[in-house]
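Q: Pasting in a structure now, in structure tokens, and then I'll have a few things to ask.
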Amino acid sequence: MADTRNADLTFGATDYLVYMAAVNTSAPTSDFADPATPWTCLGWTTTEGGLFKIEEETKDVDAAGSLEPIRTLMTKSTKSLQVTFLEGLNPLVRSLYDNVPVASLKPDSSSGVASYTLPDKPSDLRYAYIFDTMDGDKRLRLYMPNGKVTERGDEQPQTADVMPVQLTFKFYRGAAAPAVKRYIDYGDVDVSGFFPSGS
């Protein structure tokens with residue numbers, strides 16, 4: 001096969017955006033356009049962007065007469081994504097961290113203060129998410145129809161820096177869509193050499 005190495009196929013994110021909407025909201029019909037209503041952006045993130053993980057668990061089946069497993073079963077495959085947000089008072093981010101409906105963060109019309117109780121028993125709040133990454137005219141998008149926050153970083157208001165809000169999202173199958181769908185826009189990079197004629 002020909003040498004298909006191409007430095008333009010490297011990807012260095014120059015921006016990272018996270019959007020959320022009601023659980024099972026369909027993906028935008030226009031790939032890579034800024035998602036319109038009902039999608040809402042969760043604001044600035046750290047320069048690390050997002051850490052996407054796929055964790056798989058297997059179980060070996062052992063049998064008499066063989067020193068090696070005779071079969072390996074796939075028992076679990078989970079997909080998660082960790083993001084650190086910089087807008088510690090963004091109502092969407094705050095509601096995800098505190099595990100309360102976003103309506104809880106609406107300020108009182110007379111005092112301008114929002115107050116609510118953190119749940120003693122964790123709520124099962126689920127939303128649809130889009131994670132967009134850009135590198136010039138190249139784009140990556142992850143669409144998840146059914147996700148929830150399963151881990152939260154420590155909260156530390158400080159004088160030396162802004163208070164970051166770290167969230168880990170876990171994703172599940174949607175009502176009519178898989179847990180994760182990836183979109184890739186190669187920009188102006190010619191990738192035809194990777195696909196033989198007739199593929």
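What follows draws every value from the coordinates through simple rules; no lab data is involved. Note that the structure is predicted; figures quoted are calculated from it, not measured. Every residue, glycine among them, receives a Cβ derived from its backbone with ideal geometry; neighbour counts consider all protein chains shown.
Q: Hey, if you drop one equal point scatterer on each alpha-carbon of the chain and run the Debye formula without solvent, what base-10 log of I(q)/I(0) do you get at q = 0.12, 0.15, 0.17, 0.19 Å⁻¹?
A: Log10 of I(q)/I(0), two decimals: -0.76, -1.04, -1.21, -1.38.
Q: Which of rounded, prolate, oblate describes segment 65-123, given a ≥ b ≥ c as roots of the alpha-carbon gyration tensor eigenvalues and a/c under 1.5 marking rounded, otherwise prolate only if a/b is larger than b/c?
A: Values: a/c = 6.29, a/b = 3.44, b/c = 1.83.
Prolate shape, in that a/c is at least 1.5 and a/b is the bigger ratio.
Q: Ok, one more. Under 5 Å between amide hydrogens, which residues at least 5 positions from Gly174 or on another chain qualify, with H placed 1.01 Å from N in the peptide plane?
A: Ala179
Q: On to the next question. Hey, what do the phi angles of segment 68-85 turn into as Karplus ³J(HN,Hα) couplings, whole Hz, using 6.51/-1.76/1.60 and θ = phi - 60°, x for Gly and Pro?
A: Rounded to whole hertz, the list is 10, x, 8, 6, 10, 9, 7, 9, 7, 9, 10, 10, 9, 8, 10, 9, 10, 8.
Q: Another question, if that's okay. Return the inverse of the average 1/r over all pairs of distinct C-alpha atoms in segment 82-199, which is the Kirkwood hydrodynamic radius, in Å to one decimal.
A: Roughly 17.3 Å, rounded to one decimal.
Q: Nearest 20 debye, what's the magnitude of the dipole of the chain about its Cα centre given +1 on Lys and Arg Cβ and -1 on Asp and Glu Cβ?
A: Details: 19 positive and 27 negative charges, 154 e Å.
I would put it at about 740 debye.
Q: Where in the chain lies the longest segment free of trypsin sites (Lys or Arg not before Pro) that are both loop residues by DSSP (not H, G, I, E, B) and have at most 15 other Cβ atoms within 10 Å?
A: Numbers: sites that count: Arg5, Arg173.
Result, exposed sites excluded: 6-172.
Q: Quick one: length gained pulling Glu57 to Phe32 fully straight, 0.36 nm per residue minus the C-alpha distance? Don't skip to the answer; put the middle values down first.
A: Numbers: separation 25, 0.36 × 25 = 9.00 nm, distance 3.27 nm.
Extra length from Glu57 to Phe32 when fully extended: 5.7 nm.
Q: In debye, nearest 20: dipole of segment 11-124 around its Cα centre with unit charges on the Cβ of K, R (+) and D, E (-)? Display every interim value, and only then the final one.
A: On the way: 8 positive and 15 negative charges, 49 e Å.
Taking the Cα centre of segment 11-124 as origin, the dipole is about 240 debye.
Q: Set the Förster radius R0 to 22 Å, insert the Cβ-Cβ distance between Leu118 and Leu89 as r into 1/(1 + (r/R0)^6), and round the FRET efficiency to 0.05.
A: Details: r = 16 Å, r/R0 = 0.73.
With R0 = 22 Å, the Cβ-Cβ based efficiency is 0.85.
Q: In addition: Per residue of segment 116-125, what does 6.51 cos²θ - 1.76 cosθ + 1.60 with θ = phi - 60° give for ³J(HN,Hα)? Whole Hz please, x for Gly and Pro, Karplus curve as stated.
A: Here the 3J(HN,Hα) series is 7, 9, 6, x, 5, 9, x, 7, 9, 7 Hz.
Q: Test of understanding: what is the full-extension gain from Ser109 to Gln156, defined as 0.36 nm times their sequence separation minus their Cα-Cα distance? Could you put the intermediate results ahead of the total?
A: Working: separation 47, 0.36 × 47 = 16.92 nm, distance 2.86 nm.
Working it through step by step, the gained length comes to 14.1 nm.
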